[in-house]
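> Got a structure here, written out as structure tokens. Questions coming.
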Amino acid sequence: KRGDGLTNLSVAYIAAVGLHPAAVFDAGLQLSFGAVFAILCLAPIFSRLFRGLGRGLSGILGTTLAANAGTLPIIINMNNAFWPLTILVNVAAVSYAAFLIPAVAVITLLYCLLGVAVAWLGPIGAFLVQVLEWMAGAADALPGLGFAVPSLPGWVVFAVFMLVFLCSLYFHISA
């Protein structure tokens, strides 16, 4: 029998917080569980919006947008700012990384198997990684493009996550 993602996430959260109650204030825990919660609830919905782009790309875009939705209220509270372009940059970077990781893995495997015969692939792999580094560097310019937002009250953050959950219930259509 296949487990329910939200139940499994809840058990993991209770275990993490049960072992270390102060972890509820840890930004890493909040961001991780917020992202995974939103991915479980919203990724199928968002992926359907992009189904014309093919299964792989629609899945990447849907998952990335869902993770952004799940982390946005937490990031706003951490930084008291919102950068609208962050979502587009994340979609571009994650989509590119989905291509980059297998490409670099294949290049590395070929080099391990064939050695210097495929050494010419090294600069190609280095260039692919440099493009990702450039994207990260370009993202550093985003703080200047954001605007100040006051911290959200706890009930607003809770309401956002309830809305995410309700959206998953009411808009989730079996594929």
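> When the chain is fully extended, how far beyond the present Cα-Cα distance does residue 113 get from residue 151, taking 0.36 nm per residue of separation?
Values: separation 38, 0.36 × 38 = 13.68 nm, distance 5.34 nm.
Net length gain for the segment: 8.3 nm.
> Any idea of residue 162's accessible area? Nearest 10 Å², probe 1.4 Å.
80 Å²
> Still on this structure: In the full protein assembly as shown, how much of residue 168 is accessible to a 1.4 Å probe, in Å² to the nearest 10?
We get 20 Å² for residue 168.
> By how many nm would the segment from residue 132 to residue 120 lengthen if fully extended, with 0.36 nm per residue of separation less the alpha-carbon distance?
Details: separation 12, 0.36 × 12 = 4.32 nm, distance 2.02 nm.
Gain in length upon complete extension: 2.3 nm.
> Going by amide H atoms built from the backbone, whose H comes under 5 Å of the H on residue 81, apart from near neighbours?
149
> Tilt of helix 85-114 relative to the longest C-alpha principal axis of the chain, in degrees (0 to 90, nearest 10)?
40 degrees
> Given R₀ = 35 Å, FRET efficiency for residue 159-residue 95 by Cβ-Cβ distance, to 0.05? Working shown, then result.
On the way: r = 30 Å, r/R0 = 0.86.
Efficiency computed from Cβ-Cβ geometry: 0.70.
> Would you tell me the accessible area of residue 60, worked out with a 1.4 angstrom probe on the heavy atoms of the protein chains, in Å² to the nearest 10?
50 Å²
> Starting from the 7 Å offset along Cα-to-Cβ, what nm value, one decimal, do you get for the label separation of residue 105 and residue 12?
1.9 nm
> What accessible area per residue, rounded to a whole number of Å², is obtained for segment 5-139 using a probe radius of 1.4 Å? If you can, show how the numbers build up before the last one.
On the way: 7750 Å² over 135 residues.
Using a 1.4 Å probe on heavy atoms only, each residue of segment 5-139 averages 57 Å².
> Here is a further query. Using only the alpha-carbon atoms, how far is helix 55-79 inclined from the longest principal axis of the chain? Give it as 0 to 90 degrees, nearest 10.
Here the helix axis deviates by roughly 50 degrees.
> Calculate the dipole size of the chain relative to its Cα centre from +1 charges on Lys and Arg beta carbons and -1 charges on Asp and Glu beta carbons; express the result in debye to the nearest 20. The partial results should precede the final answer.
Working: 5 positive and 4 negative charges, 113 e Å.
That gives the chain a dipole magnitude of about 540 debye.
> Considering only DSSP states other than H, G, I, E and B, which chymotrypsin sites (Phe, Trp or Tyr not before Pro) in segment 20-62 qualify as loop sites with at most 16 other Cβ atoms within 10 Å? Walk me through the intermediate numbers first.
Values: sites: 25, 33, 37, 46, 50; in loops: 50.
When the chymotrypsin sites (Phe, Trp or Tyr not before Pro) of segment 20-62 are filtered for loop state and at most 16 Cβ neighbours within 10 Å, 50 remain.
> Cα axis of helix 5-19 to longest principal axis of the chain: angle in degrees, 0 to 90, nearest 10?
Roughly 80 degrees, rounded to the nearest 10.
> Same structure, new question: Loop-only trypsin sites (Lys or Arg not before Pro) in segment 1-95, please: DSSP not H, G, I, E or B, and at most 11 other Cβ atoms within 10 Å. List each step's numbers first, then the result.
On the way: sites: 1, 2, 48, 51, 55; in loops: 1, 2.
Those satisfying the criteria are 1, 2.
> While we're here: Got the relative contact order for the chain handy, in percent, Cα pairs under 8 Å and 6 or more residues apart? Spell out each step's value before the answer.
On the way: 156 pairs, mean separation 43.7, N = 175.
This gives 25 percent for the chain.
> For the chain, which whole-number percentage of the solvent-accessible area (1.4 Å probe, protein heavy atoms only) is attributable to carbon and sulfur atoms? Can you show the working numbers first?
Working: 8310 of 11110 Å².
Carbon with sulfur: 75 percent of the solvent-accessible area.
> How far, in nm, would the chain grow between residue 169 and residue 55 when pulled straight, counting 0.36 nm per residue and subtracting the alpha carbon separation? If you can, show how the numbers build up before the last one.
Working: separation 114, 0.36 × 114 = 41.04 nm, distance 2.22 nm.
So the extension gain works out to 38.8 nm.
The values are calculated or read from the model by the stated rules, or taken from the named source; none is laboratory data. Everything numeric in this text was worked out from a predicted model, so none of it was measured. Using ideal geometry, Cβ is built from the backbone for each residue, glycine included, and neighbour counts are taken over all protein chains shown. For the accessible areas, the whole protein counts, side chains as well, though only heavy atoms, and no ligand, DNA or RNA atoms are used. Shrake-Rupley method; radii C 1.70, N 1.55, O 1.52, S 1.80 Å.
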